[in-house]
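Novice: Just dropping this structure here.
The values are calculated or read from the model by the stated rules, or taken from the named source; none is laboratory data. Here the structure is a predicted model, which means the values were calculated and not measured. Glycine gets a Cβ as well: all are built from the backbone with ideal geometry, and neighbour counts include every protein chain shown. Accessible surface areas use protein heavy atoms only, side chains included; no ligands, DNA or RNA. Shrake-Rupley method; radii C 1.70, N 1.55, O 1.52, S 1.80 Å.
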Number of protein chains: 2
Amino acid sequence: MQHFFDPHSIVVIGVSERPDNLARNIIINLRNFGYRGQLYAVGRQTGSVLDVPIVTSVEEIPQGIDLAVILTPAAAVPDLVDACGRTGIRSIVIESGGFSEYSEAGRVLEERLKQVVGKWGIRFVGPNCISVVNLQKDVCLPFASISPIGTRLGPASVIAQSGGVSITYLDQLSSSGVGANKVISIGNKADFNETDYLTFLLDDPTTQMIVLYLESFGDGRRLMELARSSPKPIIVHKSNRSQASQAIALSHTAALAADDRIVSAALRQAGILRTESFEDTVSVARGLALPPVRGNDLVIISRSGGHAVIAADVAERYGFRLAPLSDEFERVVRTFNRADVIALTNPVDLGTIFDFGLYAQIVQACLQTLAPDAILLINTYSITETDGAHRLAQRVEQIVRESGRPVALCVYTQGDDRQVLQEQVGLPLFGEIEHAVRGLAASRDRYRWQMRHHGEVVQVADAPPDVKRWLSATGVVTTDAALQVCQAYDIPVAAWETASNPDQAARAADRLGYSVALKVLDANVTHKSDAGGVVLGLANADQVRREAAVMLRGAPCIRLMVQRMAGEGVEVILGGKRDHTFGPVVMFGLGGIHVEVLEDVTFRVAPLSRADAEEMIEEVRGRRLLDGVRGKLPVDRKALIEALLSLSRLLVEYPCITEVDINPLIVLHRGCIAVDARIVTG
Amino acid sequence: MQHFFDPHSIVVIGVSERPDNLARNIIINLRNFGYRGQLYAVGRQTGSVLDVPIVTSVEEIPQGIDLAVILTPAAAVPDLVDACGRTGIRSIVIESGGFSEYSEAGRVLEERLKQVVGKWGIRFVGPNCISVVNLQKDVCLPFASISPIGTRLGPASVIAQSGGVSITYLDQLSSSGVGANKVISIGNKADFNETDYLTFLLDDPTTQMIVLYLESFGDGRRLMELARSSPKPIIVHKSNRSQASQAIALSHTAALAADDRIVSAALRQAGILRTESFEDTVSVARGLALPPVRGNDLVIISRSGGHAVIAADVAERYGFRLAPLSDEFERVVRTFNRADVIALTNPVDLGTIFDFGLYAQIVQACLQTLAPDAILLINTYSITETDGAHRLAQRVEQIVRESGRPVALCVYTQGDDRQVLQEQVGLPLFGEIEHAVRGLAASRDRYRWQMRHHGEVVQVADAPPDVKRWLSATGVVTTDAALQVCQAYDIPVAAWETASNPDQAARAADRLGYSVALKVLDANVTHKSDAGGVVLGLANADQVRREAAVMLRGAPCIRLMVQRMAGEGVEVILGGKRDHTFGPVVMFGLGGIHVEVLEDVTFRVAPLSRADAEEMIEEVRGRRLLDGVRGKLPVDRKALIEALLSLSRLLVEYPCITEVDINPLIVLHRGCIAVDARIVTG
């Protein structure tokens, strides 16, 4: 993939002298950026763009050029690619649109294109993309004009499933103080997809963080795997989550939307930071460009009391703790000239101190004596104070570099002075308190994820239990078979027997002990209790016999299940399904109305780690019910975690299972017990 | 209050020639802004600032100056105010800090200050404020340097309970394209509070919208009243909602934080738009600066497909509908030159059209043929396209003005061209899709509120029911008395009788009909069922007699309540309390775990309108339970609304009631019925 990012020679195909020719912009961009390799242009008519002559066929350029960039009508592309192949070109960026994203004819054309590249062993980016930028090597291939003045080299690389979005990220990461490294617009992913580019960037020594803009996932599980093993933070801005967006995304470059709750869960599980907008991405990138935030202790230092109050609210919302300041800090600060009027609370309100040098001293004293996990410094300054404010920013940059501690500097001033200052310093400057705290929180979450999931093992047994005989049928498995499967996977189930007539049922109940439940065993009855197929709390053999007779009256050949009633506990639902992007997924929610009415559920991609299972339980809003409310005893979370892990194993080890529900699983003060289960195979 | 905003003469007190003198900045600001009135300076030493001579006593300046601005150490302020009084000054801005916000001694000083102003009939802003700006009259009184170049006159006025925040809003509203009008930093509110300033601004002809930044409320109910009667939109940025912020807000200028959920509910109820950050406020102000958004139909037009996908997601999240485009629109667009390649879906992806003139034509065709409630136009442009992009913005501004329809223009480009363009056009430009949609949604919400609540009446009866005899005691009222009160207010209650012994209880049960509940009547037992003081579902006289005997065994002199069991329905909780800021507040939530575990509750300030009561029910997450789930019948919302309105009246008409709970109220398929109630008086 090196040829795409660091080509020693480039030919641009589709160039003309006309001012509205787009391929011409590629030549101009390369020259403006100072690209130092060989540069050639091919077009339908001879001429020149800047100092680059236009020749009329690929055959006229030297053999073995590193990279071709094609921007012509789609119909011409396969033949041009073939011509490139003949001249020894093996890497091509195809920017032309009009392929599978556009029409059926375009799809056919894209197939032809794939055949041609296959013949020559060519690899390509696109088609239908705005292409590749590598600021490190002065490579700038988009057909939109880009000014090198507005770009800034830095550690963040971008992979975007939209050309327009890739350029916005190039602009915004450049002006944010973070800086951009490599930017790829991936178009129709006809050859490489996002995980191929990601693999390359994870190995790229100058890329330190990666931003992905995606409208669909090529291979969600592979993305998770790469992210899990990556020491570089990955930010995913995933759109196309609504019905409205799908209408256009389909005609654009993307595929069907996944269940967005599963997307969020899968990304979080793999330590990927999901963002919601351009601005949010930039805030997170700024936070990650600072040294890592290792915990929740934050000190806020502000010139304006009002901004300090706002910041304290935001900090609390993001889970930061404003620890009290120490006597030692106070002792050090009091030695500074004129620092006697500061009220030393956290937030530190600098009040009427007008000495920018003193602010830096206070920041440093704070780091030295309190060692908080992060500092948020808010500088509101007027237009006559720019010199001092700029010196302060430079000083903070130095302090951050020397101490290896994160200080988020958030500035509010008139006009465009923040942008002016940003061009002068390497420290990313935040323009809004919310953004600064979001950036610090993202860094903390990433760090916490690394600590929590570092070296974790997912529980997949060497020899999976043999449950094939219970799964033989395709479609819905009967309750008793589903419960057998649960039992084989060490999920405790309420003892049961089957019966075909009232007397058998009564005898079974006697053996099981009272009270018992009686259920119709029919794979086609999904909501048994709605259909009158369940009777609970039968206290003696007579009751069992009577109810069994009622159930069998309408359908004498059905089987019945007699089941011992479980003790009192909290009803939960464990579920599993196969997502077309992420594969086996485990669901958890509290029983009753929590899942169906309140949609209070959480997901993880299987296999789960123990930490994943713990996090799932923490994520549901009704989790307090597990702690025991109104005098009830807390229930056995450990048993619930084991059940989640077992279900995860089942889904991984038996890919024939497309859906599972254990509903309810009753979690008791000690242990848990599955009462009903449903498995669908396919 | 006119003297504060449009003084014909000003004296600044506390001025010296020293460069670090802050009062000096006030003189410089006034001169920089071109203030045309008389200007005087008083300080401890003679000298001059610019062309303004400094005299050493207030007596040396002419009699009857319109406005004095004082910025000296706090201790000197009362005598200086007295001197001002002697020279006929009746309006003073006191910027000095060191009063009640600082220390006990400061509080005493503030009291003395109030005595002095009382003697002369002086009105004042502050103390402890950064003061007043009126861009319309070139008045700029803050002690921080402000550049007139960075300010822009417009329709938005600001009232801020923080000097620093007031300046940030002046800057941000100026650079947002909205423009600022009057900005007031209210300091300690020792004389005027926020509602006084609000009253003035509501009458101010050049103020068209008002931004309030508040850390506490002076008089929440008065604020609501003013907002309800105001045709001008009011935005409230309320901070100080966390424990962390209160630590500093107390030492700053603010008071105890109110329950933030009540704050949100009260503001929404009064049609006030609550914002969460500077950026959010500016987005809302931009949205309100456009013509009103009258509904949910939005058309998105974008040059970049990726941005269109992102925008569609955001639009759906904010409740907008992307209606399909009409044949008529398509017919008109197809007549435009080169418009044949646009895929006419909503969002409209302009794709490979590079003609900015055409974009404006499409916007206009959209308004004319589709008449959507709003258009979001996203322009991603490169640095070589600035001319066309600027012309487009000007053209859109003209279209908005001529059509009276809202078009939110959101631009993404390199460097600072958005700011450059913003200085050239009156149309507010959004820099992020999320902000644009938020702005449009705020405008829509405001419009919807006005339509819904216009001319509504709140139900307060002419003659309140006489329930005094049931409320005679101070403290907790017994259940039977509380139910009597409910009944008097037309809230149906489950029939009951009281009894003192088992036989009385059994006879009462016979009269009421079975099944019945038996409850201990003791005002001190709050959670009766936890304390074993409730037995439900007793089916005959024997059971009643037996259970009554058990209850009376431990405490023979208590009374019992025998109550007819209510039918099956949905349990809800109605509550009421007195908030120290907003007065009587009504609470609503679903029963059981919904309130206590899930905190799924909603509030409104009493008296409620019918629309308020309807909205409360719509706001709880579990509302679907009222529609009937799993085959149950929907319950009687109308009866529930009546019960909420009755409770609201009770709270308004009996201020002696500090707390009420009707828990549960059972809402049936027809009607509703209160089963238990609790009233606290005080």
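Novice: Quick one: of B:Lys114/B:Lys577; B:Lys114/B:Lys232; A:Lys189/A:Lys238, which pairs are farther than 25 Å apart, Cα to Cα?
Specialist: B:Lys114/B:Lys577; B:Lys114/B:Lys232
Novice: As an exercise, use a Förster radius of 45 Å and the Cβ-Cβ distance of A:Phe336 and A:Lys114 to find the FRET efficiency, rounded to the nearest 0.05.
Specialist: After rounding to 0.05, the efficiency reads 0.05.
Novice: Please report, for B:Arg578, the nm distances (one decimal) from its label point, 7 Å out from Cα along the beta-carbon direction, to the equivalent points in the remaining copies, shortest first.
Specialist: Label-point distances to the other copies, shortest first: 6.5 nm.
Novice: For A:Glu596 and B:Arg317, what does the FRET efficiency come to when R0 = 22 Å and r is the distance between their Cβ atoms, rounded to the nearest 0.05?
Specialist: 0.45
Novice: Now, a different point. Once both labels are modelled 7 Å past Cα along the beta-carbon direction, what's the A:Arg553-A:Arg469 spacing in nm?
Specialist: Each label point lies 7 Å from its Cα, and together they span 3.7 nm.
Novice: Expressed in nm to one decimal, what extension gain is obtained for the pair B:Thr658 and B:Ala611 from 0.36 nm per residue of sequence separation less their Cα-Cα distance?
Specialist: That works out to 14.5 nm of additional length.
Novice: Something else about it: What do you get for the angle between helix B:386-403 and the principal long axis of chain B? Use alpha-carbon atoms, 0 to 90 degrees, nearest ten.
Specialist: Tilt of helix B:386-403: around 60 degrees.
Novice: On to the next question. Counting only helical runs of four or more DSSP H residues, what would the 222 nm mean residue ellipticity of the protein assembly as shown come to if each run contributes -39,500 (n - 2.57) and the total is spread over all its residues?
Specialist: -11500 deg cm²/dmol
Novice: Please name whichever of A:Tyr412, A:His390, A:Asn296 sits farthest to the positive end of the charge dipole of segment A:293-453, dipole taken about the Cα centre and charges placed at Cβ: Lys and Arg +1, Asp and Glu -1.
Specialist: A:Asn296
Novice: Using a 1.4 angstrom probe, figure out how much accessible area segment A:293-453 has per residue, in square angstrom, rounded to the nearest whole.
Specialist: Computed with neighbouring chains in place, this is 37 Å² per residue.
Novice: Additional query: If you place +1 on the Cβ of every Lys and Arg and -1 on the Cβ of every Asp and Glu, how big does the dipole about the Cα centre of the protein assembly as shown come out, in debye to the nearest 20? Present the calculation step by step, with values, prior to reporting the outcome.
Specialist: Working: 136 positive and 158 negative charges, 311 e Å.
Around 1500 debye, computed over the protein assembly as shown.
Novice: Give me the orientation-averaged projected area of the Cα convex hull of the protein assembly as shown, in nm², one decimal.
Specialist: Working: hull surface 236.4 nm².
Mean projected area of the Cα convex hull: 59.1 nm².
Novice: With r defined as the distance between the Cβ atoms of B:Arg511 and B:Gln2 and R0 fixed at 56 Å, what FRET efficiency is calculated, to the nearest 0.05?
Specialist: Once the sixth-power term is evaluated, E becomes 0.20.
Novice: In whole Hz, what ³J(HN,Hα) sequence does segment A:107-123 give by Karplus (6.51, -1.76, 1.60; θ = phi - 60°), x for Gly and Pro?
Specialist: Rounded to whole hertz, the list is 5, 4, 4, 5, 5, 4, 4, 5, 5, 5, 5, x, 4, 9, x, 7, 10.
Novice: Now for a different question. Take every DSSP beta bridge with both residues inside the protein assembly as shown and express the antiparallel ones as a percent of the total, to the nearest 5.
Specialist: Of those bridges, close to 50 percent are antiparallel.
Novice: Can you give the extra length, in nm with one decimal, that the chain gains between A:Ser103 and A:Leu536 once fully stretched, where that is 0.36 nm per residue apart less the Cα-Cα distance?
Specialist: Working: separation 433, 0.36 × 433 = 155.88 nm, distance 5.83 nm.
Gain on stretching A:Ser103 to A:Leu536: 150.0 nm.
Novice: What's the extension gain from A:Thr199 to A:Gln424 if we count 0.36 nm per residue and subtract their Cα-Cα distance?
Specialist: Between A:Thr199 and A:Gln424, full extension yields an extra 77.7 nm.
Novice: Sticking with this one: Count charges around B:Trp120 for me, please; just the other residues with Cβ under 14 Å from its Cβ, Lys/Arg as +1, Asp/Glu as -1. List each step's numbers first, then the result.
Specialist: Values: positive: B:Arg86, B:Arg90, B:Arg112, B:Lys114, B:Lys119, B:Arg123; negative: B:Asp79, B:Asp82, B:Asp191.
Neighbourhood net charge equals +3.
Novice: Per-residue accessible area for A:Phe354 at 1.4 Å probe radius, Å² rounded to 10?
Specialist: For A:Phe354, solvent-accessible area is about 90 Å².
Novice: Show me, for segment A:476-487, the HN-Hα J-couplings you get by feeding each phi into the Karplus relation (A = 6.51, B = -1.76, C = 1.60, θ = phi - 60°), rounded to Hz, glycine and proline as x.
Specialist: Once θ is set to phi - 60°, the couplings for segment A:476-487 become 7, 8, 5, 4, 5, 5, 4, 5, 4, 4, 4, 4 Hz.
Novice: Out of all DSSP beta bridges in segment A:293-453, what portion is antiparallel? Express it as a percent rounded to 5.
Specialist: Values: 1 of 17 bridges.
Within segment A:293-453, antiparallel bridges account for around 5 percent of the total.
Novice: Around B:Val49, which amide H atoms from residues at least 5 apart in sequence, or from another chain, sit under 5 Å from its own amide H, with H modelled in the peptide plane?
Specialist: Result for B:Val49 returns B:Ile54.
Novice: Could you tell me which residue in chain A puts its beta carbon nearest the axis mapping A onto B, with the distance rounded to whole Å?
Specialist: Residue plus distance in Å, as requested: A:Asp416, 3.
Novice: Tell me the label-point distance for the pair B:Thr46, B:Asp20, using the 7 Å Cα-to-Cβ offset, in nm and rounded to one decimal.
Specialist: 2.7
Novice: Additional query: First compute the accessible area of the protein assembly as shown with a 1.4 Å probe, then give the percent of it belonging to carbon and sulfur atoms. Write down the numbers at each step before the final one.
Specialist: Working: 25380 of 51450 Å².
Whole-percent figure for carbon plus sulfur exposure: 49.
Novice: Cα centroid distance between segment B:545-612 and segment B:102-159, in Å?
Specialist: 48
Novice: Now for a separate question. Using modelled backbone amide H atoms (1.01 Å from N, in-plane), which distant-in-sequence or interchain residues come within less than 5 Å of A:Leu212's amide H?
Specialist: A:Ile159, A:Ile235, A:Val236, A:His237
Novice: Name the long-range amide H neighbours of A:Asp6: under 5 Å, sequence gap of 5 or more, or other chain; modelled H, no Pro or chain starts.
Specialist: Here nothing satisfies the definition.
Novice: Next question. Could you tell me the accessible area of A:Asp196 in Å² (1.4 Å probe, neighbours in place), rounded to the nearest ten?
Specialist: Result for A:Asp196: roughly 60 Å² accessible.
Novice: Could you state the angle between the C-alpha long axis of helix A:637-653 and the longest principal axis of the C-alpha atoms of chain A, as a value from 0 to 90 degrees rounded to the nearest 10?
Specialist: Between helix and principal axis, roughly 80 degrees.
Novice: Continuing with this model, one more query. Can you give the angle from 0 to 90° between the axis of helix B:305-317 and the longest principal axis of chain B, with both taken from C-alpha atoms, to the nearest 10?
Specialist: So the helix axis and the longest Cα principal axis differ by about 40 degrees.
Novice: If you don't mind, there's one more thing I want to ask. Which whole-Hz ³J(HN,Hα) couplings does segment A:218-234 yield from phi under the Karplus relation 6.51 cos²θ - 1.76 cosθ + 1.60, θ = phi - 60°, glycine and proline marked x?
Specialist: Per residue, the Karplus-derived 3J(HN,Hα) values read x, 9, x, 5, 5, 4, 4, 4, 4, 5, 4, 8, 9, x, 8, x, 10 Hz.
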